[in-house]
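Here is the structure we will look at, set down as structure tokens.
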Amino acid sequence: MNRYDGLNKAMVEQYAPRPGRRPLLPPLSEKACVALMCRMLFREGWNEHIAGHITVRQPDGTILTNPWELAWDELTASDIMTLDSQGRVIDGEWNITPAIGLHIQLHDLRPEVNVVIHNHTRWSGIWANLQRVPPVYDQTGAHCGAELPIYNEYTGTFEKEQSSLSAAEALGDARWALLAHHGALVVGKDLRQAHLRAITLEWRCKRAYEVELAGGAVPLSDEEIEKVAITDPNGFPFCWEAMARRELRLDPGIVE
């Protein structure tokens, strides 16, 4: 990622005009970025054993995805699989999730969506099981807006084509959704936007759970939430890079 990838260039130049003492990240391959995304989200609560799948559509129409056999916290760049636009493996030594159809359908239905993420998440999974939308109680939980649909029609796991298609269609043009009795689904135009949405969703759900345990409080108004949510279309400057650096410090071999 360069300095402006996924960001509003004018905003960065206004508020962060200095180039910095060193590059925020070393040069990274696309597969390294996907592996880093898996590691980063695992730490944020997207970490149910070997469940979960991420797809990232490339400019040439191919799709990068994590292998089925490996947990998100052990992936390296060399483990990332390459698929064609129909979900067939064209490069890689592992297997892919039987639920890949959900991703293929979403990429087909939403041309603007290049990243699709699903897992059985820790905190948003609680609210999905409750079939309730968590209120937004703080600024960090407001980065991606207030609207959060719940898909209530659980019909089994996503390897069934009709189950995955109905979930994909139910998402509509939303940026994320809670899947009752299942987990969470997040989409984005690029890794930076999808990362912000995924971590914001978990933060919002965790804070709402904690606030309710403490007796409840007054949530932020929709008006205030929308002021903060300017970060969603414009990108949150430098957050993706900071979280990626944390993973690289812990395991430099991710990029291999």
- request: Give the stretch 75-97 a look and list any residue that's open to solvent by 70 Å² or more (accessible area, probe 1.4 Å), touching an Asp or Glu at 6+ places or on another chain (Cβ under 9 Å) and assigned to a loop (DSSP other than H, G, I, E, B), or say none.
  value: Glu93, Trp94, Asn95
query: Does the stretch 105-121 hold any residues that are among the hydrophobic types (A, V, I, L, M, F, W, C) and either part of a strand (DSSP E or B) or touching a Pro at 6+ places or on another chain (Cβ under 7 Å) (or both), and which are they?
result: Val115, Val116, Ile117
- request: For the stretch 35-53, enumerate the residues that are open to solvent by 40 Å² or more (accessible area, probe 1.4 Å) and charged (D, E, K, R).
  value: Arg43, Glu44, Glu48
message: What pairs come out if I take residues in the stretch 123-144 that are more than 22 Å from Asn234 (Cα to Cα) and pair them with residues that are open to solvent by 50 Å² or more (accessible area, probe 1.4 Å) and at pLDDT below 95 whose C-beta lies under 8 Å away, six or more apart or interchain?
response: Ala128/His181; Asn129/His181; Gln131/Asn152
message: Tell me yes or no: at least one residue of the stretch 122-138 is part of a strand (DSSP E or B), on the phi < 0 side of the Ramachandran plot and not hydroxyl-bearing (Ser, Thr, Tyr).
response: no
field: The one condition in (1) open to solvent by 20 Å² or more (accessible area, probe 1.4 Å); (2) in contact (Cβ under 8 Å) with a residue 24 or more places away in the chain; (3) of a type in the set (A, V, I, L, M, F, W, C); (4) not in a loop (DSSP other than H, G, I, E, B) that Ala10 fails to fulfil
entry: (2)
field: Every residue from the stretch 217-256 that is touching a His at 6+ places or on another chain (Cβ under 7 Å) and either loosely packed, with under 13 Cβ neighbours inside 10 Å or farther than 16 Å from Cys33 by Cβ (or both)
entry: Val228, Ala229, Thr231, Asp232, Phe236
- prompt: Somewhere in the stretch 58-70, is a residue part of a helix (DSSP H, G or I) and either modelled with pLDDT under 95 or surrounded by fewer than 22 Cβ atoms within 10 Å (Cβ to Cβ) (or both)?
  reply: no
- prompt: When the stretch 19-74 is examined, which residues are found to be within 17 Å of Ala242 (Cα to Cα) and of a type in the set (A, V, I, L, M)?
  reply: Leu24, Leu25, Leu28, Ala32, Val34, Ala35, Leu36, Met37, Met40, Leu41
query: Tell me, which residue of the stretch 140-170 that is among the aliphatic types (A, V, I, L, M) and either at pLDDT below 90 or open to solvent by 50 Å² or more (accessible area, probe 1.4 Å) (or both) is farthest from Lys227 (Cα to Cα)?
result: Leu165
- prompt: Right, Ala32: open to solvent by less than 40 Å² (accessible area, probe 1.4 Å), in contact (Cβ under 8 Å) with a residue 12 or more places away in the chain, out of contact with any strand residue (DSSP E or B) (no Cβ under 9 Å at 6 or more places or on another chain) and not in a loop (DSSP other than H, G, I, E, B) or not?
  reply: yes
- prompt: Looking at the stretch 56-79, which of its residues are of a type in the set (Val, Ile, Thr) and in contact with a Lys or Arg (Cβ under 7 Å, 6 or more places away or on another chain)?
  reply: Ile63
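The values are calculated or read from the model by the stated rules, or taken from the named source; none is laboratory data. Quantities reported herein were computed from a predicted structural model and do not represent experimental measurements. Glycine gets a Cβ as well: all are built from the backbone with ideal geometry, and neighbour counts include every protein chain shown. Side chains are part of the model used for accessible areas, which takes the heavy atoms of the whole protein and leaves out ligands, DNA and RNA. Shrake-Rupley method; radii C 1.70, N 1.55, O 1.52, S 1.80 Å.
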